[in-house]
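I have placed the structure first, in the form of structure tokens, so that the comments after it can refer back to it.
Since every read-out is calculated from the coordinates, none of them should be taken as a lab result. Keep in mind that what you see is a predicted model, and the values were worked out from it rather than measured. All Cβ positions, glycine included, derive from the backbone under ideal geometry; neighbour counts span all protein chains shown.
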Amino acid sequence: MIRASSVGLVPSGLPLGKTRPSRIHPAGLYEPLVHQGFLRQEELALVLSEAVRRRLDVATLLMDRYRIPKPAIGAALAKFYECQFLASDEQTCVEPELLRNLSVDYLRMNHWVPLKRQGQVVEVLIDDPHNPDKRFDVRRAFPGQTVVYHVGLRADIERLLSDACGREVGDPITDILGELVSEAQIEEQQNATIAAITENDSAIVRLANQIIAEAYRRGASDIHIEPYADRKETAVRFRVDGTCFTYMKIPAAYRRAIVSRVKIMASLDIAERRKPQDGKIRFKLTTGQEIELRVATLPTAGFNEDVVLRLLSANGPRRLDECEFSAETRRIVEQLAQKPHGIVLCAGPTGSGKTTTLHAILASINTDERKIWTAEDPIEITQDGLRQVQVHPKIGLTFAATMRAFLRADPDVIMIGEMRDKETADIAIEASLTGHLVFSTIHTNSAVETVVRLLDMGCDPFNFSDAMLGVLAMRLCKRLCSHCRESYHPTRSEYEELVQAFGENEWAFRRPTYDGAFTLFRGRGCEACHHTGYRGRVPIHELMVVSDGMKALIQSRARTGELLALAKSEGMQTLVQDGIEKVLQGLTTYKQVRAVAIK
């Protein structure tokens, strides 16, 4: 039987607030750490005795006192218990439904937590999979289910339980979801429909606020709310450092309520579910800080709506020295920014830092002597001194129409949020040829391909070649965690891979040879980076300057290969080469460079 308590359900026979005595891990569990040279046998004996005397966790003492890495301890646990070691990170979440009938206080004291359920299989993270009392409690909590055990550290189990309760910020997520479930049960008893739970219910309001606050705390760039048909749970996913992971799932009955709540916050039409909509949210955190989110809704299968919220930068423009250009690239960028007229383009896929970089360049020339107009959709970064216009295509205020208006407004510098079509490109060329400096972004893969794309749009090659000053292509790679980064001597094959990617001729002039002193860097994994080895992102760049020789090739509509060969002969460093430079500096790894810069 399971007996109810004031805060959940506790396995019967065990009073709330009491826990069975924990067994002390046998010395043999940690013997591999001695054999691997992490500590001596007498040091292990001291730790074990201190753990008994002070009732502390052995693994925590080993990590704190002897700096033994978590993976080494995890390997010892996995070998001893003959099951998988699970080191929780930000992407590890507990399914709230599994905690609904369990006391979190009981789980915390007994050091186990259910992670997820797939069919009849329940995965459980526990500090001692051999403990018969705990295994008995698990079986009683999930009768008739197949239990798969993972061994984990007590600190990780504690963090998972705290995250599941949402105790770090705001209201506990599990409490909010519990209120939703309770409301549903009440409605069923009163023979009312699920539709009676609306987007204005306090639990829905607090759930939406909590999702946004948690995304900001974790450093997410985007929030994805993904409802499904057929009574499947709604997924909420975060994108952190360019990678998505599932943060939580919401009961299917509330998919429309949570979507409607976000649409109300963004001042969108909640009755319109057939067409995409977009808007903005200004959200105030409990700390008093205000953040801004861009909201986009899209109709999806099953008469549902997906919502994507992008957290916009609230810190104003960056400085040029924060863009991490190489010394030569920065020198040329500063020269181009001082030109009286011409076009400078920033190329790359969505989310590669183009707008952030352009605003950093504008900030470097934003003085009283210059009149700077920008046309953006949306305005993500604001800075004093710029006159910024929000493009509104629904009323005819397109990029092209805004550009025409700028030419009558006495500009020195114009920034276009995106060069999407021939009309906008033609007006930008016209503006540059009439004495204005024009900056814009464009979605292309490389600097050379940008030239070919504009010619394919139908731009006049003679006017275009005269107007173009340069193209800056960029990507964002995952950055090695500064807390756990370590150097190592790579294999010969790793070295040869770098040489081939960089180019043998270019490498021979400037790069080191393979010897015992040649080192690269990697992330070991730690608490700060959630054991991924990466934290944050680092940009890589490719800057092509349009010289007289390049203008001649553009006018003759030369092939991409000819343009690239000339640009490299004139000193252009490709995205891959700049990425390898940053690999040698210890900022990232070649695996990350290859993932974003090699086709």
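Side notes on the structure shown:
- The number of Lys pairs in the stretch 295-437 with C-alpha atoms less than 23 Å apart, excluding pairs fewer than 8 positions apart on the same chain, is 5.
- Sites LYS422 and ASP515 - FRET efficiency at Förster radius 45 Å, r taken between beta-carbons, to 0.05: 0.25
- Antiparallel %, DSSP beta bridges [both residues in the chain], to 5: 65 percent
- Extension gain for ASP410 to ALA565 (0.36 nm times residue separation, less C-alpha to C-alpha distance): 51.9 nm.
- Charge dipole (Cα centre; +1 on Lys/Arg Cβ, -1 on Asp/Glu Cβ; no other charges) of the chain amounts to roughly 1160 debye.
- C-alpha center-to-center spacing [the stretch 385-436, the stretch 456-512] in angstrom: 32 Å
- When you work out D = kT/(6 pi eta Rh) for the chain at 4 °C and 1.567 mPa s, using the Kirkwood radius from C-alpha pairs as Rh and the Stokes-Einstein form, the result is 46 µm²/s.
- THR146-LEU56 pseudo-label distance in nm [points 7 Å out on the Cα-to-Cβ vector]: 4.1 nm
- Once the chain from LYS79 to ASN101 is taken as fully extended at 0.36 nm per residue, the excess over their C-alpha distance is 4.7 nm.
- Where labels lie 7 Å past Cα in the beta-carbon direction, separation of ASP269 and ASN505 in nm: 6.0 nm
- You can think of it this way: the chain between ARG218 and GLN118 has 33.3 nm of extra reach, that is 0.36 nm per residue less the Cα-Cα gap.
- Only helices enter the 222 nm calculation for the chain: every DSSP H run of n ≥ 4 contributes -39,500 (n - 2.57), and dividing by all residues gives -11500 deg cm²/dmol, rounded to 500.
- Reachable lysines from LYS79, criterion Cα separation under 19 angstrom, eight or more residues apart if same chain: LYS70
- Cα lying deepest toward the dipole's positive end in the stretch 251-383, options ALA363, ILE264, PRO251, charges on Cβ: PRO251
- By average C-beta atoms within 10 angstrom, highest first, the peptides 437-449, 297-309, 511-523: 437-449, 297-309, 511-523
- FRET efficiency for GLN555 and MET457, using Cβ-Cβ distance with R0 set to 22 Å, rounded to 0.05: 0.85
- FRET efficiency, ARG387 to ARG330 (Cβ-Cβ, R0 22 Å, nearest 0.05): 0.25
- Think of it this way: in the chain, CYS83, CYS93, CYS165, CYS244, CYS323, CYS346, CYS459, CYS477 stand alone, with no other Cys Cβ under 4.7 Å.
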